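The values are calculated or read from the model by the stated rules, or taken from the named source; none is laboratory data. Predicted, not measured: the structure shown is a model, and the values here were computed from it. Cβ: placed from backbone, ideal geometry, glycine included. Neighbour counts: every protein chain shown.
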Amino acid sequence: MWDWLAFGAAPRPGDRAPDVVYGDGDRLHDTLRGPWHTLLLFDGAAPTAEGYRNLRAIANQVFRRYGERIRSHIVVPRGARPRELADYDDSVLLDPGGRLHERSGAGSECLYLIRPDGHVGCRSQPATFDPLLGCPPRILRG
């Protein structure tokens, strides 16, 4: 129940993504900077191998459908890349203090699509590919 309430209070579509400091002093707004959309994929506070497989599958689906228009990042609540993502070639953001998870209401699996202007385009809990298809078409125009 807490996870659902925290996600409900987190940034919504149209809100500016928070400028959270995570990892070794990285800033979310620096990570978002660019002419592309950014997909943040969270496995939550209690990550699992199954959850990481799901997030990888979503990132792969997004790349096949949208190519370079969307850059995906799996966000992990630890200070090192998990063994389950050792062979994952795309970006893994380390969030050992949990600040990015907390500000995103990511106590459980969820995703955020951030527009190039730094605002949330859409979000979903749990993390699945289908809600991205429901984003307004203008958000994902290439």
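Some points to look at:
- Pairs, first closer than 15 Å to Pro82 by Cα in segment 46-60, second part of a helix (DSSP H, G or I), C-beta under 7 Å, six or more apart: Ala49/Glu84; Tyr52/Glu84; Tyr52/Leu85
- Test: Asp43 is among the acidic types (Asp, Glu) and either in contact with a Leu (Cβ under 8 Å, 6 or more places away or on another chain) or under 17 Å from Glu109 (Cβ atoms) (or both): yes
- Residues located in segment 4-14, provided they are of a type outside the set (Lys, Arg) and either within 15 Å of the chain's Cα centre (by Cα) or surrounded by 18 or more Cβ atoms within 10 Å (Cβ to Cβ) (or both): Ala6, Phe7, Ala10, Pro11, Pro13
- Qualifying positions in segment 1-37 - farther than 15 Å from Leu100 by Cα and modelled with pLDDT under 90: Met1, Trp2, Trp4, Leu5, Gly8
- Any hit, segment 77-98, residues being assigned to a helix (DSSP H, G or I) and buried (at least 16 other Cβ atoms within 10 Å of the Cβ): yes
- Looking only at residues of segment 99-136 that are among the hydroxyl-bearing types (Ser, Thr, Tyr) and assigned to a loop (DSSP other than H, G, I, E, B), we find that the one that is surrounded by the fewest Cβ atoms within 10 Å (Cβ to Cβ) is Thr128.
- Matching residues in segment 38-54 - criterion: being closer than 13 Å to Tyr112 by Cα, of a type outside the set (S, T, N, Q) and modelled with pLDDT of 95 or more: Leu39, Leu40, Leu41, Phe42
- Hits in segment 88-116 - residues which are out of contact with any helix residue (DSSP H, G or I) (no Cβ under 9 Å at 6 or more places or on another chain) and either free of Cβ contacts under 8 Å to residues at least 60 places away in the same chain or among the acidic types (Asp, Glu) (or both): Asp89, Gly98, His101
- Candidates in segment 57-76 are the residues that are of a type outside the set (Val, Ile, Thr) and touching a Ser or Thr at 6+ places or on another chain (Cβ under 9 Å); of these, the one that is surrounded by the fewest Cβ atoms within 10 Å (Cβ to Cβ) is Asn60.
- Within segment 16-45, the residues that satisfy the criterion of being in contact (Cβ under 8 Å) with a residue 12 or more places away in the chain, surrounded by 12 or more Cβ atoms within 10 Å (Cβ to Cβ) and either among the acidic types (Asp, Glu) or in contact with a Cys (Cβ under 6 Å, 6 or more places away or on another chain) (or both) are Asp26, Phe42, Asp43.
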